[in-house]
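Participant: Quick one: the structure is below, and I'll ask about it shortly.
The values are calculated or read from the model by the stated rules, or taken from the named source; none is laboratory data. Please read all numbers here as calculations on a predicted model, not as lab measurements. So basically every Cβ, Gly included, is an ideal-geometry build from the backbone, and we count neighbours across all protein chains shown.
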Amino acid sequence: MSGPRAGDRRTRIAARFLAVSYGLGAPVAAFFELRGHTLSQRFSLPPELVYLACAVQLLCAVGVLIRRLAPWAAAALTVTTLGAIASHLRIGSPLTALPAALYTLVQVWFGLRSRGSAESQSRSIEGGETP
């Protein structure tokens, strides 16, 4: 399974993975933060910043499923995971930063792949072709 179709399939799988994991994870994190300020206390952050990160992640979970927004959503998710990595390293917990680092790699790969896909789609629309 190689060629352009295999690449498109991997990109769609990555989009669904990101959408589901952030679509479920962000509300759960916000709920736990609301119940006991667990994340803000652990990382010495204001609770509002945790809520903002959760809101961005939830919006981007939808954005990665929309082809034209996918590269931008992946970029915004990458910013949030880089912040998570920095927070984990700041409190001296490098092993717990590993999942955020892996997500960062997936998001950068996905953003680059979806950027090319969005550009080719817009070129075909401008040229009068149907996507």
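Participant: Any residue that is of a type in the set (S, T, N, Q), within 24 Å of Ile91 (Cβ to Cβ), in a helix (DSSP H, G or I) and within 11 Å of the chain's Cα centre (by Cα) - is there at least one of those in the stretch 21-37? Talk me through it step by step, then tell me what you get.
Facilitator: Residues of the stretch 21-37 that are of a type in the set (S, T, N, Q), as a first pass: 21.
Add one more test, that the residue is within 24 Å of Ile91 (Cβ to Cβ), and what stays is 21.
If we keep only those that are in a helix (DSSP H, G or I) too, we end up with 21.
Subsequent filtering for residues that are within 11 Å of the chain's Cα centre (by Cα) retains 21.
Scanning the stretch 21-37, I find at least one residue that is of a type in the set (S, T, N, Q), within 24 Å of Ile91 (Cβ to Cβ), in a helix (DSSP H, G or I) and within 11 Å of the chain's Cα centre (by Cα), so the answer is yes.
Participant: Before we move on, is Arg42 over 11 Å from the mean Cα position of the chain (by Cα) and within 19 Å of Ser114 (Cα to Cα)? Steps first, please.
Facilitator: Working: over 11 Å from the mean Cα position of the chain (by Cα): yes; within 19 Å of Ser114 (Cα to Cα): no.
Answer is no for this residue.
Participant: Conditions: (1) at pLDDT 95 or above; (2) part of a loop (DSSP other than H, G, I, E, B). Thr78 meets all but one. Number of the miss?
Facilitator: Thr78 satisfies all of (1) at pLDDT 95 or above; (2) part of a loop (DSSP other than H, G, I, E, B) except (2).
Participant: Tell me, please, whether a residue that is within 30 Å of Arg12 (Cα to Cα), in a helix (DSSP H, G or I) and among the aromatic types (Phe, Trp, Tyr) can be found in the stretch 41-48. Let's see the steps before the verdict.
Facilitator: Here is the first cut: in the stretch 41-48, the residues within 30 Å of Arg12 (Cα to Cα) are none.
Within the stretch 41-48, none of the residues are within 30 Å of Arg12 (Cα to Cα), in a helix (DSSP H, G or I) and among the aromatic types (Phe, Trp, Tyr).
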